[in-house]
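Working notes for the structure below.
The values are calculated or read from the model by the stated rules, or taken from the named source; none is laboratory data. For clarity, every value in this text was computed on a predicted model and none was experimentally measured. Glycine also receives a Cβ, built like all others from the backbone with ideal geometry; neighbour counts cover every protein chain displayed.
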Amino acid sequence: MKTLIIISSCRFPLSAAAGFILTGRLPDRYAPGKIWEVFSAAALKNCAEGRIYWIGDTAGGTRVAAFTARSGRGILRNLVSSFLDIYQIDQDCCSIVEINTPSSLSFALGQAVLGLPLVCGLGRILVEKHIEKIYPELVRSVQT
Amino acid sequence: MKIIYHCYGGTHSSVTAACIHLGLLPRDRAPGYDELLNLDLFDRRNVCDIGKITFVGRDGLGNEIYVVGRRSRPKLLYNVIEGMSRLFDTGRDSLMLVDVSSFVNSSMRAGGFLSRRIGLVGIGRPIVAWGTLRNYRRLAEAVEEVLSILRRGPETKDKRIIQAGRPEVAC
């Protein structure tokens, strides 16, 4: 079975969002509020960096998983690709896609306050605004 | 089994520990400066190598020895390794992570910063080598502990040694 690993370097799991677009749990066109149907606030708050997100399978039978970690100069990509190397996992059966969408100050602020009880609403607004802006790029990055 | 020694930069304490494990450095005495500085990976890896799991050699028990740098984020390493192990079903006991960052002293930090970050190799490398030699006995003891665990079997409760298991998965 072919495996697709999506990685992103930010606290919010953009890689998982891209994976959900690919598997159809999120639509190809941005829909307001839809993102919070697949990411619960509790899951986002408790999600430690580098933890795997099981996304599911695509219609074509590709297994999709995602990892995210706040920026770290390629540490996540290095870890994933060198793990494949040490276990000699055929890279024809497994591809890595890195989400390289530009960040913004409001997205950074949104991610920072997302886990705080009183201001998580503001965090959701800021994060969703950013996702709305980069949504076409997220779709492109996993469909190419 | 694959044994991965990890520390902040993956080029000083983890490389030293891996080489002690492989018998490239002595276990019963501290090596000389030259012995340490002649190691292929000691103080040689750069910022772009952080996260690259690098093969160092195979020990007498048939285990593959690796080193990796993971900054001050061991949990990131554990989570990625655990996730990948589950994703590809590589087996619960196929891998052991050994954290040797607690053996890094201030001389190693300062020397490593000068050599790897700023590029002042001529100043930083002797300082980091001196710091490594100061902690050498403790590192050798830790490696001896790992070896005794490997001889006995992989079960351990040591805090520095963490095996890739099957954790709870988010989402």
Take the residues of segment A:120-144 that are farther than 28 Å from A:LEU4 by Cβ and loosely packed, with under 15 Cβ neighbours inside 10 Å: which is modelled with the lowest pLDDT?
A:GLY121
Check whether at least one residue in segment B:154-170 is at pLDDT below 90, surrounded by 16 or more Cβ atoms within 10 Å (Cβ to Cβ) and within 22 Å of B:ALA30 (Cβ to Cβ), and report yes or no.
no
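Please pick out the residue among B:ARG86, B:ARG125 that is more than 20 Å from A:ILE7 (Cα to Cα) and of a type in the set (Lys, Arg).
Working: B:ARG86 fails: more than 20 Å from A:ILE7 (Cα to Cα).
Just one listed residue meets the conditions, B:ARG125.
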A:VAL119 fails exactly one of (1) in contact (Cβ under 8 Å) with a residue 12 or more places away in the chain; (2) touching a helix residue (DSSP H, G or I) at 6+ places or on another chain (Cβ under 6 Å), namely (1)
Going by the conditions given, is A:SER15 surrounded by 19 or more Cβ atoms within 10 Å (Cβ to Cβ), polar (S, T, N, Q) and either more than 10 Å from chain B (Cβ to nearest Cβ) or not in a helix (DSSP H, G or I) (or both)?
yes
Within segment B:75-117, residues being facing chain A (nearest Cβ under 8 Å) and part of a strand (DSSP E or B) number 0
Residues (basic (Lys, Arg) and part of a helix (DSSP H, G or I)) located in segment B:6-52
none
Can you name every residue in segment A:44-89 that is closer than 22 Å to B:THR54 by Cα, surrounded by fewer than 16 Cβ atoms within 10 Å (Cβ to Cβ) and modelled with pLDDT under 85?
A:SER71, A:ARG73
In segment B:96-138, which residues are aliphatic (A, V, I, L, M), touching a residue at least 60 places away in the same chain (Cβ under 8 Å) and surrounded by fewer than 23 Cβ atoms within 10 Å (Cβ to Cβ)?
B:MET96, B:LEU97, B:VAL104, B:VAL121, B:LEU133
Any hit, segment B:54-66, residues being of a type outside the set (Phe, Trp, Tyr) and either in a helix (DSSP H, G or I) or touching a Ser or Thr at 6+ places or on another chain (Cβ under 7 Å) (or both):
no
Out of all the residues in segment A:47-66, is one or more part of a helix (DSSP H, G or I), facing chain B (nearest Cβ under 8 Å) and not hydrophobic (A, V, I, L, M, F, W, C)?
no
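Step by step: first the residues of segment A:68-107, then only those that are of a type in the set (S, T, N, Q) and outside any loop (DSSP other than H, G, I, E, B), then the one that is farthest from the other protein chains (Cβ to nearest Cβ). Which residue is that? Quick ask: steps written out before the conclusion?
Of all residues in segment A:68-107, those of a type in the set (S, T, N, Q) come to A:68, A:71, A:78, A:81-82, A:88, A:91, A:95, A:100-101, A:103-104, A:106.
This time we only want the ones that are outside any loop (DSSP other than H, G, I, E, B), so: A:68, A:78, A:81-82, A:95, A:106.
Numbers: A:THR68: 10, A:ASN78: 3, A:SER81: 8, A:SER82: 4, A:SER95: 13, A:SER106: 25 Å.
Restricting to residues being of a type in the set (S, T, N, Q) and outside any loop (DSSP other than H, G, I, E, B), the top hit is A:SER106.
What number of residues in segment B:38-66 are exposed (fewer than 13 other Cβ atoms within 10 Å of the Cβ) and either among the polar types (S, T, N, Q) or under 17 Å from B:GLY9 (Cα atoms) (or both)?
First pass over segment B:38-66, keeping only residues exposed (fewer than 13 other Cβ atoms within 10 Å of the Cβ): B:38, B:40, B:46, B:48, B:58, B:60-62.
Pick out the ones that are also either among the polar types (S, T, N, Q) or under 17 Å from B:GLY9 (Cα atoms) (or both) and you get B:38, B:40, B:46, B:48.
Selection size over segment B:38-66: 4.
For segment B:2-34, which residues satisfy the criterion of being more than 13 Å from the chain's Cα centre (by Cα) and buried (at least 16 other Cβ atoms within 10 Å of the Cβ)? Can you show your working first?
Taking segment B:2-34 first, the residues more than 13 Å from the chain's Cα centre (by Cα) are B:23-34.
Passing the criteria: B:LEU24, B:LEU25, B:ALA30, B:PRO31.
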